[in-house]
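Only one structure is covered here, and it is reproduced in the block below.
The values are calculated or read from the model by the stated rules, or taken from the named source; none is laboratory data. The shown structure was predicted, so the numbers you read here are calculated from the model rather than taken from an experiment. In this analysis, Cβ positions are derived from the backbone assuming ideal geometry, glycine residues included, and neighbour counts consider all displayed protein chains.
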Amino acid sequence: DAGVTQSPTHLIKTRGQQVTLRCSPKSGHDTVSWYQQALGQGPQFIFQYYEEEERQRGNFPDRFSGHQFPNYSSELNVNALLLGDSALYLCASSLGTSSGTQYFGPGTRLTVL
Amino acid sequence: AQSVAQPEDQVNVAEGNPLTVKCTYSVSGNPYLFWYVQYPNRGLQFLLKYITGDNLVKGSYGFEAEFNKSQTSFHLKKPSALVSDSALYFCAVRDINAGNMLTFGGGTRLMVKP
């Protein structure tokens, strides 16, 4: 049973560029959440997708956007990258939007130069 | 707003001794509480959760946690620590009246020495 997978593993971009990160949920899961984990900190909630719609959003600017596909996989897009966007981006999947446990992928390490 | 506090940046314990990693939370409604563990350059692994029912929750790898509503705490415990338990531990809370987002504490590094 495949767990949550994310691609790419590492990414280096320069300020002002745009980036797309990808996530495939655990088999049987239909909900995807994205988190940003800055170095030395706990993860912070970016947004959650269910039924191809953004259901909840954390305190992140509009430069952060996402998408969910019919097969439940998801993308996180970040425009106009800033140095402060350097972080580990974690995708988590769950079943439904109620009490389902969120299972995390290995993350994508984004470095903005 | 919901929040989580992990008051210790690091906990040191000798192998074979019991360990406790502390967590307190604040929510406006009823909480769902979670513990995750993170190894270097890895994502978060789910350990255990409290939703309702018995205040003592048992999870993976011999870990357990006790929900204390009056003290708004959810401390992680293990009777006998292993060197392989050394990792970064995160407590997280979800307010069932505020959607499905998890709010994490800052993390506690557990160091188990042989």
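Just to be sure, is residue A:33 over 13 Å from residue A:90 (Cβ atoms) and surrounded by 11 or more Cβ atoms within 10 Å (Cβ to Cβ)?
Spelling it out, it is not the case that residue A:33 is over 13 Å from residue A:90 (Cβ atoms) and surrounded by 11 or more Cβ atoms within 10 Å (Cβ to Cβ).
Inspect segment A:55-62 for any residue being touching a Leu at 6+ places or on another chain (Cβ under 8 Å) and within 14 Å of another protein chain (Cβ to nearest Cβ) and give the result as yes or no. Full working, then the answer.
Filtering segment A:55-62 down to residues touching a Leu at 6+ places or on another chain (Cβ under 8 Å) leaves none.
No, segment A:55-62 has no match at all.
Among the residues of segment A:6-25, are any surrounded by 13 or more Cβ atoms within 10 Å (Cβ to Cβ) and modelled with pLDDT under 95?
no
Hey, does segment A:13-26 have a residue that's within 14 Å of chain B (Cβ to nearest Cβ), out of contact with any helix residue (DSSP H, G or I) (no Cβ under 9 Å at 6 or more places or on another chain) and among the β-branched types (Val, Ile, Thr)? Spell out the reasoning first.
So in segment A:13-26, the residues within 14 Å of chain B (Cβ to nearest Cβ) come out as A:21, A:23-26.
In the following step, the residues that additionally are out of contact with any helix residue (DSSP H, G or I) (no Cβ under 9 Å at 6 or more places or on another chain) were identified as A:21, A:23-26.
When the remaining residues are screened for being among the β-branched types (Val, Ile, Thr), the result is none.
Scanning segment A:13-26 turns up no residue that is within 14 Å of chain B (Cβ to nearest Cβ), out of contact with any helix residue (DSSP H, G or I) (no Cβ under 9 Å at 6 or more places or on another chain) and among the β-branched types (Val, Ile, Thr).
Of (1) part of a strand (DSSP E or B); (2) over 10 Å from the mean Cα position of the chain (by Cα); (3) at pLDDT 95 or above, residue B:8 satisfies all except one. Which?
(1)
Can you tell me which residue is nearest to residue A:102 (Cα to Cα) among those in segment B:65-114 that are basic (Lys, Arg) and in contact (Cβ under 8 Å) with a residue 24 or more places away in the chain? Step through it out loud before you land on a result.
Filtering segment B:65-114 down to residues basic (Lys, Arg) leaves B:69, B:77-78, B:94, B:109, B:113.
Then drop every residue that is not in contact (Cβ under 8 Å) with a residue 24 or more places away in the chain, which leaves B:77-78, B:94, B:109, B:113.
Details: B:77: 21, B:78: 23, B:94: 11, B:109: 22, B:113: 31 Å.
Per the criteria, the residue is B:94.
Limited to segment B:27-43, what total is found for residues that are touching a strand residue (DSSP E or B) at 6+ places or on another chain (Cβ under 8 Å) and either charged (D, E, K, R) or at pLDDT 95 or above (or both)?
Final tally of qualifying residues: 6.
So, of the residues in segment A:71-113 that are in contact with an Asp or Glu (Cβ under 9 Å, 6 or more places away or on another chain) and within 17 Å of residue A:6 (Cα to Cα), which turns out to be nearest to the other protein chains (Cβ to nearest Cβ)?
A:94
Pairs please, first residue from segment A:45-67 and among the basic types (Lys, Arg), second anywhere and at pLDDT 95 or above and in a loop (DSSP other than H, G, I, E, B), Cβ atoms under 6 Å, 6+ apart in sequence or on different chains.
A:63/A:79; A:63/A:80
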